[in-house]
Amino acid sequence: MALVEWNDTLVTGDAVIDADHKKLVSYVNDLHEGLIKGKGKDALGPILDKLILYTRQHFAREEGFWTAQKYPQVAV
């Protein structure tokens, strides 16, 4: 059972950001499933590593998008 279900309320309308968010949801659900099944660090470590790396990449991309769009809430 997924911890997070992707649905229309999560859609931003930007295809790149939405694809990132879907991938992040997938990684979170993979990690959750591994925890529920009692998998050890050998199985969960690589999932967590992917989640951390992709989260960093995503936020860098998203912050660049916000800056390019001149969102007023972006800290300069």
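The values are calculated or read from the model by the stated rules, or taken from the named source; none is laboratory data. Model, not experiment: these values are computed from the prediction. Counting neighbours? That spans all protein chains shown, and the Cβs are built from the backbone with ideal geometry, glycine included. Accessible surface areas use protein heavy atoms only, side chains included; no ligands, DNA or RNA. Shrake-Rupley method; radii C 1.70, N 1.55, O 1.52, S 1.80 Å.
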Rounded to the nearest 10 degrees, what's the angle between the helix 15-36 long axis and the longest principal axis of the chain, both from Cα atoms, 0 to 90?
20
Which aspartates and glutamates have a Cα less than 16 Å from the Cα of Lys37, not counting those fewer than 8 places away in the same chain?
none
Check cross-link reach from Lys70 to the lysines: straight Cα distance under 25 Å, and skip same-chain residues fewer than eight apart.
Lys22
Compute, for the range 16-71, the length of the dipole vector about the Cα centre, with Cβ point charges of +1 (Lys, Arg) and -1 (Asp, Glu) only. Units Debye, rounded to 20.
40
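Taking a probe of 1.4 Å, how large is the accessible area per residue of the chain, in Å²?
Values: 5720 Å² over 76 residues.
Here the per-residue accessible area is 75 Å².
Roll a 1.4 angstrom probe over the protein heavy atoms and tell me the percent of accessible area of the chain that is carbon or sulfur.
Numbers: 3450 of 5720 Å².
Carbon and sulfur atoms account for 60 percent of the accessible area of the chain.
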Give the cross-link partners of Lys23 among the lysines, using a straight C-alpha distance below 19 Å as the criterion and excluding same-chain residues fewer than 8 apart.
Lys50
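From the convex hull of the Cα coordinates of the chain, what is the mean projected area in square nanometres?
So the mean shadow area of the Cα hull is 6.0 nm².
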